[in-house]
Amino acid sequence: MPHVTDTPTATATLVCAAADILPNTGVCARVGGRHIAVFRVVDAAGQDRWHAIDNIDPKNGASVLSRGLVGNLGDDVVVASPLYKHHFVLATGACLENAEWSVQAHPVEVRDGQVWVSLAGA
Amino acid sequence: MKIVVIGHGMVGHKFLESLADLAAGSLQGAEVTVLCEEPRAAYDRVHLSEFFAGKSADDLSVVEPGFFERTGFSLRLAARAAHIERRTNTVTTVDGETFTYDKLVLATGSNPFVPPVPGRDRKDCFVYRTIEDLEAMTECGARSKSGVVVGGGLLGLECAKALRDMGLETHVVEFAPRLMAVQVDEGGGRVLRHKIEAMGLHVHTSRNTVEIVDGREARHRMVFADGSHLETDMIVFSAGIRPRDELARQSLLAVGARGGIAIDSHCRTSDRNVYAVGECAAWNDQTFGLVAPGYDMARVAAKHIAGDAEATFAGADMSTKLKLMGVDVASIGDAQGKTAHCRSYQYVDEVKQVYKKIVVSADGKQLLGAVLVGNADEYGTLLQMALNGITLPPEPEFLILPSSDGKAKPGLGVDALPDSAQICSCNNVSKGQIGAAVGQGVCTIGEMKACTKAGATCGGCVPLVTQVMKAEMAKRGMAVNNNLCEHFAYSRQELYHLVRVGQVKTFDELLAKHGKGLGCDVCKPTAASILASVWNDFVLKKDLASLQDSNDYFLGNIQKDGTYSVVPRMAGGEVTPDGLIAVGQVAKKYGLYTKVTGGQRVDLFGARVEQLPLIWEELIAAGFESGHAYGKSLRTVKSCVGSTWCRYGVGDSVGLAVELENRYKGLRAPHKIKFGVSGCTRECAEAQGKDIGIIATEKGWNLYVCGNGGMKPRHAELFASDLNKEELVRLIDRVLMFYVRTADRLQRTSTWRENLEGGLAYLQDVVLNDSLGLCAELEAQMQHVVDTYQCEWKTAVTDPEVRKRFRSFVNSEQVDETVVFVKERGQIRPAFAEERELASTSTLDA
């Protein structure tokens, strides 16, 4: 099970400016040689919430999850894979339709309008 | 057991289906042989007039594909039975082949009755019964200016419609003082006549034809008993039917007083081993010219042969509701009021041309019959009351009077109906069976038709079936839930309405006013589609971009490896040599895979996200635009060569295709839309498989609607004919906008049409007769979409904000190493997983 820490590790990578990501969309960043999907989700109160999970869709290996539609299913904030529309919980990387397709979630923080991502349990 | 069936029409086939359903028991290993006189298997004679609307003989077939292979029954076509020898239980065909039987079933149908008028055998005089008759009529119609139908009954009026659709000046000649003299009374007959004459048909009643001779201004001159005459090029006799009981007479079986093969309540003839079903049979000296009683007899005969001694036929209710040339006509029970001491209530509206009458028992408690012309909304309720003996309300006149104060009419909650109440008479579907289907999850009319066949034949019971279905759903606690998703308690149609009326411009606004939560991958693209249809803003505008599915976000079709395909528009399938060269050069430069699509254009595969704007820039420079292959939008207008080059073409299909594609490109819809335009009836563009299909004739363009390919293909239906281009475009504008406004999310036009209560006739009413008063609005909305068109690729490449989004990585110019190609047939394709592992030099963690 992926575990998520609140604070970025010492190896946090600066990936982009917060303003570079359209609200309620995601982008893909290279972090430590991996493809990471970074999402900027606006919650019900109008606040930005940041999430990061692996970008590669385990179902078939395409690097696409950052391009999916974000939203909520019940209490979970999720992204739907653009290929087959299965859902990933952004906080944990869990795949709702099939646990075998779950991915890792990674710590992400915004400081002074800059987005930093580190790799979980590296 | 050897079973021989003589006759393969609708009832004959229903008998075979019933036998097949009874499979086991005493029918195990039964050998069934069917002798069919016509050269084709059973087809839908009830909807014969649709042959002139473009349906082929195959389309009219009532035989489920694979039926004979599955059951092992043997069907012999063009094999007319000539002789029955009951002493030896044999049947001999005209070719001399013999078949022995244990049980024999006669389903020989009827012959059209032709009055013994001298001249009836002249060339260009026809009857209206078989496909061959219709083909002959079509051939004659092409070289005629006028036509007469002799007989103003059900079938005669259907035939008159067919002649009118052929473009002939059409006359109906009827012996009785009114049309549909059996089903309809004097008052109803008057209204019916007015309505039919208002459509341009000429009606002549109380006319007794005494002879037909050469005409002076036309081929024939019909001379009537009163000395008047009528000239015409073509005559079709539809003056009734006579049961075909010749084989019964030949083999000395009992026949009815007015003809027909006499049967008992088990559908057995005077020979225990011989049965008769359908129009050829006479029960209590009554013959039945409707298909529903014939189906009943078929079911009874099959059950009885299988050993069910209780299976009985007890006559049939001859109530009927139909739409003749757009006029609602319905008749229930004792429509003529012949029951002793009965009384009637009548309502006539001469302005709207509506006539309604109910016949009630002397004590005022029972409904005995009814006639409805011009509006048959109450048919379902009245029929159930009559059939189930339900006591009338104290003031029964309100059943047919229009409600003046908006109060609902006294009806019949469908809950008052017993489970045994027959809701669909053509297919014998009861209220209980509809309830059972709902219990299995059926909750739309389309599914109900497919599952139980209720409403699938004549369509008259559809409103009642819908009512029963909804009541059953409510009883089971199944809310009739059309909610889009957890975020919106509305259907797509309702949301569309809210957006338009409330002038909602963004998803955030929509969510705030009418939804909850954050939205999801169901409602966001739906909202995007609705906003696009209504406002037609650039889809990648800041507040719309996050609603778009990946395809619409990157304006390409995402492929399995995360690359995109690029499809430039080639309207009508037309492209210049320079255009082809430019596309080829772009493909070569970026190493793309090329393939021609079914939509008659070129598709380029293998583009990574960051390459897309560069590819588009080059294509735009060469004069191309986005082909919208990625959207729930207009895809292509397929065309055949047409009159410009083709020796057969009678219309410029390519020219029209190019114009139409350029008009509707950019329209966003509940699902993809495809058109086809053919330059002649050979139909090389396969227009009848398209949402909008257009076929050229010498008289103009014929418009077909709601055809689809895909998993469950459906043919388009003829909507309107002989249109010029302006009329055609106007109708397409209306049909498409109506679809955009009212369809469900991801509903193709075929499903949308199947679920329209009232079907094609309703759609024609809305679009051709403007019955909802929407047409001006629909046209204005479409014009807005047309006027605000912009090529999305062009806008995307020239907007730096948008262009910035086309990157594989937000923080690197590196190429996406998960995209790996190998070569096949001289071009690239995505590598399979095994091939990727070999080729990969990636730094991906394990």
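The values are calculated or read from the model by the stated rules, or taken from the named source; none is laboratory data. Every value quoted in this text rests on a predicted model; they were computed, and no experiment measured them. Note that we place each Cβ from the backbone using ideal geometry, even for glycine, and neighbour counts take in every protein chain shown.
Whether any residue in region B:323-340 is under 29 Å from the mean Cα position of the chain (by Cα), assigned to a strand (DSSP E or B), within 25 Å of B:Val182 (Cα to Cα) and modelled with pLDDT under 85 is what I want to check.
So far as region B:323-340 goes, yes, one or more of its residues are under 29 Å from the mean Cα position of the chain (by Cα), assigned to a strand (DSSP E or B), within 25 Å of B:Val182 (Cα to Cα) and modelled with pLDDT under 85.
Spot the failing condition for A:Glu97; the list is (1) out of contact with any Lys or Arg (no Cβ under 8 Å at 6 or more places or on another chain); (2) facing chain B (nearest Cβ under 9 Å); (3) without any contact (Cβ under 8 Å) to a residue 12 or more places away in the chain, and only one is missed.
With (1) out of contact with any Lys or Arg (no Cβ under 8 Å at 6 or more places or on another chain); (2) facing chain B (nearest Cβ under 9 Å); (3) without any contact (Cβ under 8 Å) to a residue 12 or more places away in the chain applied to A:Glu97, the lone miss is (2).
Can you tell which of B:Gly655, B:Gly666 is at pLDDT below 95, under 25 Å from B:Asp787 (Cβ atoms) and surrounded by fewer than 24 Cβ atoms within 10 Å (Cβ to Cβ)? Let's see the steps before the verdict.
Values: B:Gly655 fails: at pLDDT below 95.
Exactly one residue qualifies, and that residue is B:Gly666.
Residues in region B:561-611 that are at pLDDT below 95 and basic (Lys, Arg): how many?
The qualifying residues number 0.
Hey, could you check region B:537-561 for residues that are more than 10 Å from chain A (Cβ to nearest Cβ) and charged (D, E, K, R) and say which is surrounded by the most Cβ atoms within 10 Å (Cβ to Cβ)?
B:Asp552
Quick check on this structure: which one of B:Asp328, B:Asp285, B:Asp296 is in contact (Cβ under 8 Å) with a residue 24 or more places away in the chain and assigned by TED's automatic domain parsing to the domain that holds B:Ile400?
Checking each option against the conditions leaves just B:Asp328.
Which one of B:Leu580, B:Leu518, B:Leu531, B:Leu544 is without any contact (Cβ under 8 Å) to a residue 40 or more places away in the chain, more than 30 Å from B:Glu494 (Cα to Cα) and out of contact with any Pro (no Cβ under 9 Å at 6 or more places or on another chain)?
Numbers: B:Leu518 fails: more than 30 Å from B:Glu494 (Cα to Cα); B:Leu531 fails: more than 30 Å from B:Glu494 (Cα to Cα); B:Leu544 fails: more than 30 Å from B:Glu494 (Cα to Cα).
So the residue among B:Leu580, B:Leu518, B:Leu531, B:Leu544 that is without any contact (Cβ under 8 Å) to a residue 40 or more places away in the chain, more than 30 Å from B:Glu494 (Cα to Cα) and out of contact with any Pro (no Cβ under 9 Å at 6 or more places or on another chain) is B:Leu580.
Which one of these does B:Lys595 not meet: (1) within 34 Å of the chain's Cα centre (by Cα); (2) surrounded by fewer than 20 Cβ atoms within 10 Å (Cβ to Cβ); (3) of a type in the set (Lys, Arg)?
With (1) within 34 Å of the chain's Cα centre (by Cα); (2) surrounded by fewer than 20 Cβ atoms within 10 Å (Cβ to Cβ); (3) of a type in the set (Lys, Arg) applied to B:Lys595, the lone miss is (1).
Return the residues of region A:36-54 that are at the interface with chain B (Cβ under 9 Å from one of its Cβ atoms) and either under 21 Å from A:Val117 (Cα atoms) or crowded, with 24+ Cβ neighbours inside 10 Å (or both); say none if nothing qualifies.
Taking region A:36-54 and keeping what is at the interface with chain B (Cβ under 9 Å from one of its Cβ atoms), we get A:38, A:41-44.
Passing the criteria: A:Val38, A:Val41, A:Val42, A:Asp43.
Residue-by-condition table, conditions (1) closer than 28 Å to B:Val348 by Cα; (2) modelled with pLDDT under 95:
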site: B:Gly156; (1), (2): yes, yes
site: B:Met166; (1), (2): no, yes
site: B:Lys195; (1), (2): yes, yes
site: B:Val203; (1), (2): yes, no
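For residues that are charged (D, E, K, R) and surrounded by fewer than 22 Cβ atoms within 10 Å (Cβ to Cβ), scanning just region B:718-753, find the one that is nearest to B:Val522 (Cα to Cα). Please lay out each step first, then the result.
In the first step, residues of region B:718-753 are kept if they are charged (D, E, K, R); the result is B:722, B:725-727, B:730, B:733-734, B:741, B:744-745, B:748, B:753.
Among the residues that remain, those that are also surrounded by fewer than 22 Cβ atoms within 10 Å (Cβ to Cβ) are: B:722, B:725-727, B:730, B:741, B:744-745.
Working: B:Asp722: 41, B:Lys725: 38, B:Glu726: 37, B:Glu727: 37, B:Arg730: 32, B:Arg741: 18, B:Asp744: 12, B:Arg745: 9 Å.
Checking each candidate, the answer is B:Arg745.
Quick one: in region A:77-91, which of the residues that are buried (at least 19 other Cβ atoms within 10 Å of the Cβ) and in contact (Cβ under 8 Å) with a residue 40 or more places away in the chain is farthest from the other protein chains (Cβ to nearest Cβ)?
A:Leu90
Being charged (D, E, K, R), under 16 Å from B:Ile558 (Cα atoms) and either in contact (Cβ under 8 Å) with a residue 60 or more places away in the chain or not in a strand (DSSP E or B) (or both) is the filter here; which residues of region B:583-610 pass it?
Those that are charged (D, E, K, R), under 16 Å from B:Ile558 (Cα atoms) and either in contact (Cβ under 8 Å) with a residue 60 or more places away in the chain or not in a strand (DSSP E or B) (or both): B:Arg608, B:Glu610.
Hey, among the residues in region B:467-489 that are crowded, with 18+ Cβ neighbours inside 10 Å and not hydrophobic (A, V, I, L, M, F, W, C), which one's farthest from B:Val429 (Cα to Cα)?
Per the stated criteria, the residue is B:His487.
How many of the residues in region B:43-66 are more than 27 Å from B:Asp21 (Cα to Cα) and in a strand (DSSP E or B)?
0
If you scan region A:24-35, which residues turn out to be over 19 Å from B:Glu610 (Cβ atoms) and either more than 7 Å from every other protein chain (Cβ to nearest Cβ) or among the aliphatic types (A, V, I, L, M) (or both)?
Result: A:Gly32, single match.
How many residues does region A:55-76 hold that are without any contact (Cβ under 8 Å) to a residue 40 or more places away in the chain and within 7 Å of chain B (Cβ to nearest Cβ)? Before the answer, list the steps.
Taking region A:55-76 first, the residues without any contact (Cβ under 8 Å) to a residue 40 or more places away in the chain are A:55, A:60-65, A:69, A:71-76.
Checking which are within 7 Å of chain B (Cβ to nearest Cβ) leaves us with A:60-64, A:69, A:71-73.
Within region A:55-76, residues that are without any contact (Cβ under 8 Å) to a residue 40 or more places away in the chain and within 7 Å of chain B (Cβ to nearest Cβ) number 9.
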